[in-house]
1. I'm trying to understand the selection: among the residues of the range 183-207, which are part of a helix (DSSP H, G or I) and crowded, with 18+ Cβ neighbours inside 10 Å?
2. Are any residues in the range 116-145 touching a strand residue (DSSP E or B) at 6+ places or on another chain (Cβ under 6 Å) and among the hydrophobic types (A, V, I, L, M, F, W, C), and if so, which ones?
3. For the range 140-161: of the residues being in a strand (DSSP E or B) and of a type outside the set (D, E, K, R), which is farthest from Ile224 (Cα to Cα)?
4. Out of everything in the range 121-147 that is surrounded by fewer than 20 Cβ atoms within 10 Å (Cβ to Cβ) and among the β-branched types (Val, Ile, Thr), what residue ends up being nearest to Lys5 (Cα to Cα)?
5. Of (1) under 19 Å from Thr112 (Cβ atoms); (2) buried (at least 19 other Cβ atoms within 10 Å of the Cβ), Ala284 satisfies all except one. Which?
6. Of all residues in the range 16-35 being assigned to a strand (DSSP E or B) and of a type in the set (A, V, I, L, M, F, W, C), which is nearest to Leu214 (Cα to Cα)?
7. Given the structure, is Tyr46 of a type in the set (Ser, Thr, Tyr) and more than 30 Å from Val197 (Cβ to Cβ)?
8. Only one of Leu96, Leu89, Leu79, Leu75 is surrounded by fewer than 15 Cβ atoms within 10 Å (Cβ to Cβ) and either among the polar types (S, T, N, Q) or under 19 Å from Glu115 (Cβ atoms) (or both). Can you tell me which?
Amino acid sequence: MQPKKVFLTGGTGLIGKETIPFLLNQGFEIYALTIGNETDHDGIKYIKANLFDKNEIDKIMSEIRPEYLLHYAWLSTGLFNDNSNFDFLTSSIDLLKSFVKYGGKRVVMAGTYAEYGYHNETLTEDMPAEPINIYSQCKDFVHQIAQAYCQNNNVSFGWARIFSAFGKETDPRRLTSDVINHLRADEPVTIRSGSLVRDYIYTKDIAAAFVAFLDSQVEGTVNICTGKDTSIHDYVMKIAHAMGKEHLVIFQEQASPQQKRVVGDSRRLNQEVGFTPKYSIEAAIKEILDA
């Protein structure tokens, strides 16, 4: 059986690094873009190149000619209104055009729940986009342009909107990492808006969902979520409980400009893609802490 070639961007990121085992398990031959010095191994070849160099990317695509494109690469944490978002917008479209130019057939790109805007009701894929910041505006532009381009060139297109991801994080600007770092140091951690409700999904489940989506014939927007409500208060306390450090968590409920409830409808993911998240929050936290 001929291996399925996939070009992967963001493969060393929080979700991308978890995606590689699932791609290999599904018989994909991976060509992963990187700016680091990762070592090739069975089934995966790392390509050191600059996503923003249009000519370099075009040359790579002409040599590899992948059937599949899985595009995660984007800097988002703490940069929601940064000008870098516009660079990722243009480079994403250039990447897609090169992929299609050299025979690409199926693409899945990573979006964000922030494209939906401010709604407390459960977020369904048919809701109009009302992006809340530059990051989500740029994501929405990529979505619209990429979908139109793929339709115009007979390429299968999927857009995956990721909800509240958590995993083996190192960036202290992310909630999970910040809480764990403080509690491991026996330092108090203050949570200012614990009543906000989110749809928390473990990065391993996100990765598995993306691969199931990529390897399916499902097109259009799919929410990558659990469909379950969890308050930030309860989420943080699950971490604290697993560490035996509940006494170090301080809640100061303050007004927040963030959405009060962000929960996705998971029916397309469950019924059409055929994927249901495997991890509970508790099981995921245990795995993160044991790593």
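1. Listed by number, the residues that qualify are Leu183, Thr203, Lys204, Asp205, Ile206, Ala207.
2. If the condition is that a residue be touching a strand residue (DSSP E or B) at 6+ places or on another chain (Cβ under 6 Å) and among the hydrophobic types (A, V, I, L, M, F, W, C), then Leu123 is the only one that fits.
3. Filtering the range 140-161 for residues that are in a strand (DSSP E or B) and of a type outside the set (D, E, K, R), the one farthest from Ile224 (Cα to Cα) comes out as Ser156.
4. Looking at the filtered set, the residue picked out is Ile145.
5. Among (1) under 19 Å from Thr112 (Cβ atoms); (2) buried (at least 19 other Cβ atoms within 10 Å of the Cβ), Ala284 violates only (1).
6. Across the range 16-35, the extreme among qualifying residues is Phe28.
7. On the way: of a type in the set (Ser, Thr, Tyr): yes; more than 30 Å from Val197 (Cβ to Cβ): yes.
Criteria met by Tyr46.
8. Exactly one residue qualifies, and that residue is Leu75.
The values are calculated or read from the model by the stated rules, or taken from the named source; none is laboratory data. None of the values given here were measured: they were computed from a predicted structure. So basically every Cβ, Gly included, is an ideal-geometry build from the backbone, and we count neighbours across all protein chains shown.
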